[in-house]
Each structure stands twice: as C-alpha cells, then as structure tokens.
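The values are calculated or read from the model by the stated rules, or taken from the named source; none is laboratory data. Since this is a predicted model, take the numbers as computed values, not measurements. Please note: Cβ atoms are built from the backbone with ideal geometry, for glycine as well, and neighbour counts cover all protein chains shown.
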Amino acid sequence: MIPHSRRGFLTQLAAAGVVAPTWLLSTAQAAASVAVAPAVAGFAAARAAGARVQATLPLRRGEAAVLAADEGFWRDVQASWAVDRSILNLENGGIQPSPALVNHAFIEAWQQGHEAPAYTLNRVLMPQLDEVRTRLASAFGCDREELALTRNTTEGIETVLLGLALRSGDEVVTTTQDYWRFQNTLRQRSEREGIVLRSITLPVPVESTDEIVDRFAAAITPRTRVILLSHIINLTGQVLPVREVVRMARARGVLVVVDGAHGFAQLPCTRESLDCDVYATSLHKWLGAPHGTGFLYVRRERIGEIWPLYPAPFELRENIRKFESIGSVAAAPYLGIRPALDFWLAIGAERKLARLRWLRDRWLAAFIDDPTVTVHTPRSVEFSAALVTIDFAGLAPAKLAGWLWERHRTLVRPVVHKEFRGIRVTPNLYTTAEELTRFVEILRAARTGGLS
Ligand SMILES: Cc1ncc(COP(=O)(O)O)c(C=O)c1O
C-alpha cells in the first residue's frame with residue numbers, strides 16, 4: 001500500500017526505524033531534524049481539491065481577467081498543492097511543486113514500475129509514453145512525430161546546440177541575458193571547434209518588438225547559422241517576441257533555437273503562435289509535472305540535421321525518437337505529465353496567465369510608484385507574465401534574499417547580473433492574496449528597519 005500523504009509516509013518510515021532522507025524534508029525541516037511538518041497541507045485533501053478543479057472549473061464561465069480577481073474561483077486551485085504553508089515560497093521560477101494529484105499518479109506509476117520492472121516498467125508503463133507524447137503534441141499544436149520527451153530544458157537545448165553541425169567560423173547569436181548553461185555550451189564550442197559567439201545586449205526592460213528584432217538582425221552576418229533566444233528571460237521575466245525574431249531570421253536562412261523553459265504553460269503558446277522550428281521546455285516548471293520532465297520540439301524537416309547527444313540507431317536519423325535514446329529511465333515522471341496537463345487544461349491557459357498577472361500586480365502595486373525602486377520587468381501584457389525582478393535601493397539582493405529566508409521563511413531569488421540586479425519574485429497559482437499582503441508588509445519592514 002502506498003501511503004497517500006507525505007506525513008503518512010514519514011510516519012511509516014519513523015515507525016520502521018528509518019531516518020527520513022533529507023530530500024523528503026523541506027530545508028527548514030531538515031535543519032531542525034523534524035520528521036513531520038504539521039504545516040504541510042494534507043495530501044489527500046489536496047488531491048480531492050485537484051479533483052474538484054478538474055470537475056468544476058471547465059464548466060465555469062467568465063472573462064479570464066474578471067475571474068483572476070475572484071478568490072472563490074481560485075480556492076480549490078490553491079488547495080490542490082500539499083505545500084508547506086509555513087514557507088512563503090515566491091521562488092517558483094526555478095522548479096515548482098506539483099499538485100497532489102500529479103504526485104499521486106507519479107507515486108502509483110513508480111510503485112508499479114518496481115513490481116517486476118522487466119514487465120511492469122518495460123512492457124506496461126513505457127509503451128504509455130507515446131500517448132503522453134501525443135497529448136503534449138496536441139497541447140503545443142505540433143505533430144506527435146515532432147516532439148521528444150526529455151528530462152528538462154537543458155537536455156533539449158544542449159541536444160540541439162551540440163548536435164548542430166557547425167564549422168569553424170560559423171556564427172551563433174545570443175544575448176547576454178540567456179541562460180548561463182547555454183552560454184557556456186556555446187563558449188565550449190567556440191573554444192573547441194572555433195565557432196564564433198556573438199552576444200548582444202537588450203535594454204532592461206524593453207517593450208518594443210522592433211527594437212528587439214532589430215538588435216538580433218544587426219548581429220547577423222553571412223556566417224550566422226543560429227540564434228539562441230529565451231522565450232522568457234529568467235533573470236527579469238521579460239517576454240521576447242519569438243515569432244517576429246523567427247520570421248526575420250528565417251528570411252535570412254538562420255535557425256532560431258528557442259529556450260522555452262518559462263514559456264510553455266506560463267503563457268498560452270503553440271507552435272503556430274510562435275512559428276518556431278526548435279523549442280525546448282521543462283514541464284517541472286510551469287506545467288507542474290513531476291521533476292525531471294520536459295519536451296523538445298523540432299520541426300519535422302529539421303530533425304535530420306541535428307545529431308542526438310547519445311548516438312542512436314542510424315535508421316532513426318529522421319525520427320524524433322532518436323533524441324530519447326538515452327538508456328534506461330523511469331516511466332513514472334513522464335506518466336505524471338498526463339494529470340498535470342489535465343489539471344492545467346481544466347484551469348485554462350488564459351485564466352492561469354490572467355491570475356498569475358493578477359498575483360504579480362497584487363504585491364508589485366505597493367512599490368511600483370516608488371522612485372527608490374527599480375523594476376526590471378515590463379508591465380505590459382505583451383512583454384511580461386508572472387516573474388518580476390525588482391531592486392530596492394540600499395538593499396543588496398543577496399542580503400535581502402538571505403534576510404527574507406532567515407527571518408521570514410520567505411523564498412525569493414537574488415539576481416546579480418553585470419547589467420542589473422534585484423530579487424526575483426515569482427508567485428504561483430497556489431499563492432494566496434493574503435500571503436502576498438504579508439510579503440508586502442515584510443518588504444516594508446525591511447525598507448524601514450533594515451536587514452540587521
Ligand atoms: C531560461 C532558462 N533556461 C533553461 C533553464 C534550465 O531548466 P532545467 O534546469 O529545467 O533544464 C532554466 C532554469 O531555470 C531557465 O531559467
């Protein structure tokens with residue numbers, strides 16, 4: 001029997017004389033060696049709330065913008081996560097918790113996979129991954145033969161950046177704000193193979209599509225082969241006009257690789273709306289799928305030109321599955337994608353985005369007109385969503401983030417970049433209006449009383 005609550009699971013471990021591994025405990029719990037956290041909402045209750053969301057929300061009518069402010073509408077959604085409410089988690093830009101019904105599906109599949117793996121994993125569970133592929137492809141609006149299941153955005157983007165046959169002197173354009181890993185990847189190719197990396201800067205923030213497209217266009221030369229572009233810049237929450245950059249670049253014969261780590265399921269987006277050729281995302285971010293899940297989309301005509309990271313059978317050269325040829329993996333994380341998709345679709349992509357923006361404005365409104373505050377994130381609907389990076393004059397970001405955690409069990413991400421700095425604040429659908437009111441009060445206390 002699988003205990004259906006983390007609390008129950010921990011209690012069973014304790015009864016069996018097993019010390020719970022630290023990955024089962026939140027940081028604060030681990031530090032205090034507390035085996036059971038009373039502040040963690042019940043797993044069973046959260047699952048039930050998730051089931052109500054799936055049954056009732058698709059039937060609710062109303063403008064997304066109006067529903068965004070309707071606390072009654074969001075109550076069951078908020079209750080669908082068994083999160084530790086003694087922690088004010090405003091760091092949902094890195095990795096997110098899954099709703100309880102997703103964790104339940106994951107645990108069930110994990111258990112089944114261990115019953116007799118040669119049969120239950122390889123012959124019962126793994127074949128179901130093709131259905132997951134089909135469902136994801138339908139949500140992203142591409143063909144199932146264009147979508148590979150991956151473990152995260154990193155795997156998808158590295159596959160493409162390392163798998164493209166670039167020669168010495170070929171040029172790749174990216175920005176100084178792209179994800180550090182992929183900048184390193186390109187630097188490595190530069191040192192090892194002589195490709196040329198051109199990093200452009202973008203204003204912070206920027207609300208002009210033309211300005212963004214023009215900066216990329218100006219960096220293109222006859223040797224440019226690839227542009228690497230973030231759908232949403234993780235450092236600031238800036239949304240970039242993917243479609244316009246892709247169209248400009250395509251006309252010049254340049255492939256655009258889109259880092260969609262924060263795009264899919266934070267924003268309603270499809271292959272058609274982005275018109276892109278390559279898009280990689282992490283489903284453990286905004287979809288709320290199990291940790292270690294993502295997808296890589298490659299337009300069918302471009303699959304053949306990208307080598308897989310791990311050599312695959314040569315007959316798969318034109319087959320998207322060559323990117324999945326990475327050895328034995330667990331099926332359970334991927335099978336958790338199905339309930340995560342159901343949950344997101346029940347809420348509705350537009351309604352989710354409207355609520356995320358409402359949550360953002362709920363706390364940001366308290367500071368937006370303050371001349372001693374710098375907001376690095378655009379406000380307009382076109383260029384921003386949930387993530388905001390804000391700098392309070394006189395409060396060093398790392399110190400402020402440390403103080404927030406140590407004094408108030410509040411998680412935010414410090415951002416220190418050579419062009420800007422601040423703390424990144426990212427609420428999620430489980431965040432309540434009251435929690436954001438508390439956050440504003442805490443920040444006000446930091447500003448008046450200092451961080452000592
Ligand atoms: C813009 C961006 N790209 C890529 C990644 C990598 O995501 P993952 O660690 O899930 O591969 C992140 C992670 O936060 C990110 O913010």
*In segment 150-174, which residues are within 9 Å of the ligand (Cβ to nearest atom) and touching a Gly at 6+ places or on another chain (Cβ under 7 Å)?*
150, 151, 152, 153, 155, 156
*Can you tell me which residues in segment 262-297 are of a type in the set (Val, Ile, Thr) and either within 13 Å of the ligand (Cβ to nearest atom) or touching a Ser or Thr at 6+ places or on another chain (Cβ under 9 Å) (or both)?*
281, 293
*Meets criteria (within 23 Å of residue 308 (Cα to Cα), without any contact (Cβ under 8 Å) to a residue 60 or more places away in the chain and surrounded by fewer than 21 Cβ atoms within 10 Å (Cβ to Cβ)) for residue 143*: no
_Just to be sure before I move on: is residue 109 away from the ligand (no atom under 16 Å from the Cβ), under 20 Å from residue 265 (Cα atoms), at pLDDT 95 or above and of a type in the set (Gly, Ala, Ser) in the structure I sent?_
no
*Out of 103, 92, which single residue is polar (S, T, N, Q), within 14 Å of the ligand (Cβ to nearest atom), within 27 Å of residue 49 (Cα to Cα) and touching a residue at least 12 places away in the same chain (Cβ under 8 Å)?*
92
*Across segment 175-223, which residue is nearest to residue 382 (Cα to Cα) among those that are of a type in the set (Asp, Glu) and either away from the ligand (no atom under 16 Å from the Cβ) or more than 23 Å from the chain's Cα centre (by Cα) (or both)?*
207
*asked:* Being farther than 27 Å from residue 140 by Cβ and hydroxyl-bearing (Ser, Thr, Tyr) is the requirement here; does residue 208 meet it?
replied: yes
*Identify the single condition in (1) touching a residue at least 40 places away in the same chain (Cβ under 8 Å); (2) part of a loop (DSSP other than H, G, I, E, B) that residue 302 does not satisfy, given that it satisfies every other one.*
(2)
*Residue by residue through segment 415-452, note down the ones that are more than 18 Å from residue 84 (Cβ to Cβ), not small (Gly, Ala, Ser) and not in a strand (DSSP E or B).*
418, 419, 437, 440, 441, 443, 444, 447, 448, 451
